[in-house]
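A short worksheet on the structure shown next.
Nothing in this text is a laboratory measurement; each read-out follows from the coordinates by a stated rule. It should be emphasised that the depicted structure is a prediction, and the values quoted were computed from it without experimental measurement. As a convention, Cβ positions derive from the backbone with ideal geometry for all residues, glycine included, and neighbour counts pool all protein chains shown.
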Amino acid sequence: MTEYPLYNDFSTFLKNHFPYKVQKISLNAGFTCPNRDGTKGQGGCTYCNNQTFNPDYCKTEKSIHQQLEEGKLFFVRKYPEMKYLAYFQAYTNTYAELEGLKRKYEEALRVNNVVGLVIGTRPDCMPDALLRYLEELNRQTFLLVEYGIESTCDATLKRINRGHTFADTIEAVRRTADCGIRVGGHVILGLPGESNEQILEQAGVLSQLPLTTLKMHQLQLIRGTRMAHEYEQCPDDFRLFEVDRYIDLVIDYIERLRPDIVLERFVSQSPRELLIAPHWGLKNYEFTAQVQKRMKERGAYQGKKFGVSEKRAIFAEDINL
């Protein structure tokens, strides 16, 4: 019987690029978002609370250099030879004038043992001038541009107040990949109004884009967000997965993905004091171990059910993929 790897994991991806251990360090570089400052909207995405993923050292009053040096302290004692990727994570990290962006990125790259950048942004925030600069930067260092896709369904994007369409995602991903830059995507599984069928269809649609990496995680209800208020008012509009059902959904999704896409994560873990639901009591590595165990039991592997159905083919033609 032919043996297949379960999926393309991010740690192996990094090992194939670097001859040493590499760790991402999150940064808060003081950016805002066009969905918060009135350019696209006010209040941001309905699910968004940046406190859920910013480590304590990510404070805007600290310089990028200081944040990176403090972040390195978490790892250097155990792995003194560790190298780092500066992860511009909080809010929209391409949303500023070009010269200011250059200064921030290049400050990060000057920090000792920083060997590349990961830049998180929105699909509607990649101007041509910045893309030309990133194209040149990509020739000099490791670079991954990560777009918040969240959903391929425009009705969902409107409901969660994203302020862009899936067509914007298609354009941004293609333009970036055409420059030879690695492109990552981020999606949320279980957004209100989306059925399992729609979620699994999403995997096939995303597989038609030139994505290098993909992150996914479960819908989480976070205190202080507009979505938390919506849940309080109309809880029946939301479907919060039990952990076993979500594991099976993740595996079904993985089976429908293009085999070469690198999968960085399947779950997110928000601080307990901010999280309303779901409460699974699992750390990320514990959840990943359960996914791997279930995949082996099911004989599942990435791409097992990958293929373009008639519906996907029509969709691809409509959006000129």
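In this structure the amide hydrogen of ALA277, modeled in the peptide plane, comes within under 5 Å of the amide hydrogens of LEU221, none closer than 5 places in sequence on its chain.
With N counted as the residues of region 142-217, its alpha-carbon radius of gyration over 2.2 N^0.38 Å works out to 1.06. One way to sum up the overall shape of the chain is the equivalent ellipsoid from its Cα gyration tensor, whose semi-axes run 28, 24, 22 Å, largest first. For region 186-199, backbone phi angles converted through the Karplus equation (6.51, -1.76, 1.60; θ = phi - 60°) give residue-by-residue couplings of 10, 10, 10, 9, x, 4, x, x, 9, 7, 4, 4, 5, 5 Hz, Gly and Pro being listed as x.
Close amide H pairs (under 5 Å, H built 1.01 Å from N) link HIS186 with TYR147, ILE149, GLU150, LYS215, residues at least 5 positions away or on another chain. With contacts taken as Cα pairs under 8 Å and at least 6 residues apart, region 192-260 reaches a relative contact order of 59 percent. Among LYS293, LYS104, sorting on how many other beta-carbon atoms sit within 10 Å of each Cβ, with the fewest leading, yields LYS293, LYS104. Ordering CYS179, ASN196, ASN161 by the projection of their Cα atoms onto the charge dipole of region 152-259, which places +1 on the Cβ of Lys and Arg and -1 on the Cβ of Asp and Glu, puts CYS179 at the extreme positive end. When only the Cβ of Lys, Arg, Asp and Glu is charged (+1, +1, -1, -1), the dipole of the chain relative to its Cα centre reaches about 900 debye. In this structure, the pairs whose alpha-carbon distance is over 22 Å, taken from LYS102/LYS215; LYS21/LYS102; LYS15/LYS305; LYS215/LYS283; LYS15/LYS62, are LYS102/LYS215; LYS21/LYS102; LYS15/LYS305; LYS15/LYS62.
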